[in-house]
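Accompanying notes for the structure given below.
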Amino acid sequence: MKNQIVSLSGGKDSTAMLHMMLERGEAIHSVVFFDTGWEFPAMLSHIDKVEQRIDMPIIHLKPPCSFGYWLHEREVRPRSGPNKGKLRRTGSGWPSPMRRWCTREKTNVLLKYARAIEDSLTCIGYALGEEKRLETQMAKRSPRRYPLIEWGISEAEALSYCYGLGYTWGGLYNHFDRVSCFCCPLQSLRNLRVLRRHFPLLWTRMLNMDSRIENNRGFNHDATVYDLDIRFAREDAQSLKPSRKITRYAEVE
Ligand code: SF4
């Protein structure tokens, strides 16, 4: 029998997968949670709750160098070309679709953990409808299984199952369809507006992180967090302005 490793992000899908596997009496070798350091506080509380409930330890994996180091401190030096080895910049800046260093770090740490376990099989909480995510590079590098897809469980069903177990995530899913790093630059503008409005302390943290980036190449579509803050504040001010639309009343005969 394979040694099943549950990769728990803490979101609705992986939480549902873990509990459903236990309900079905499946053997689980270990449960691992990759802590990016950029988690919502409510997500970290959720992980603690899951750990108490399943009565087995959740192994917290961390990147060898913190995401803060990557963002602000890592020395970037070209590996080839005329400037090979010369310091180009300090800090990689925010991740982007072309410079997704965060996902690479996460993938490497999870792979290293799985490869250290003999005959391992990593269980990933992709839900029905997410089949297009299956053919990733990581899938080719270590054996994986997708129990929710096997069982035909959709994201909505996973969320409702978790609510049925009493999990609330402090209301995070009232605001977001998916929950990942609070400062993920790949999230939508809608999510970022919600974050600024409902999680002002985290937004302020993002502004601070943003302000410390050397030669900031932008956070989301070239806009820095500071740019977005100004944009959202302007939008808020506009929406508060009284409407100048003239209301026509029907003539009273
Ligand atoms: S959620 Fe965003 S910032 Fe976090 S690891 Fe994934 S891509 Fe990177």
Members of region 108-134 that are of a type in the set (Ser, Thr, Tyr), in contact with a Leu (Cβ under 9 Å, 6 or more places away or on another chain) and within 25 Å of Pro64 (Cα to Cα): Tyr113, Thr122
Checking Thr103 against (1) open to solvent by less than 30 Å² (accessible area, probe 1.4 Å); (2) within 15 Å of Ser7 (Cα to Cα); (3) within 15 Å of the ligand (Cβ to nearest atom), which single condition isn't satisfied? (1)
Condition first: within 15 Å of the ligand (Cβ to nearest atom) and open to solvent by less than 70 Å² (accessible area, probe 1.4 Å). Now tell me which residues in region 190-232 satisfy that. Asn191, Leu192, Leu195, Leu202, Met206, Met209, Asp210, Ile213, Gly218, Phe219, Asn220, Val225
Can you tell me which of Gly129, Gly91, Gly81 is free of Cβ contacts under 8 Å to residues at least 12 places away in the same chain and at positive phi? Gly81
Would region 136-146 turn up any residue that is closer than 21 Å to Val31 by Cα, part of a strand (DSSP E or B) and basic (Lys, Arg)? yes
Looking only at region 129-143, decide whether some residue is under 20 Å from Val6 (Cβ atoms), touching a helix residue (DSSP H, G or I) at 6+ places or on another chain (Cβ under 8 Å) and modelled with pLDDT of 95 or more. no
Considering only residues of region 72-100 that are in contact with a Pro (Cβ under 9 Å, 6 or more places away or on another chain) and open to solvent by less than 80 Å² (accessible area, probe 1.4 Å), which is farthest from Thr36 (Cα to Cα)? Gly85
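The values are calculated or read from the model by the stated rules, or taken from the named source; none is laboratory data. This structure is a prediction, so every number in the text was calculated from the model and none was measured. Positions of Cβ are backbone-derived with ideal geometry, glycine not excepted, and every protein chain shown enters the neighbour counts. Accessible surface areas use protein heavy atoms only, side chains included; no ligands, DNA or RNA. Shrake-Rupley method; radii C 1.70, N 1.55, O 1.52, S 1.80 Å.
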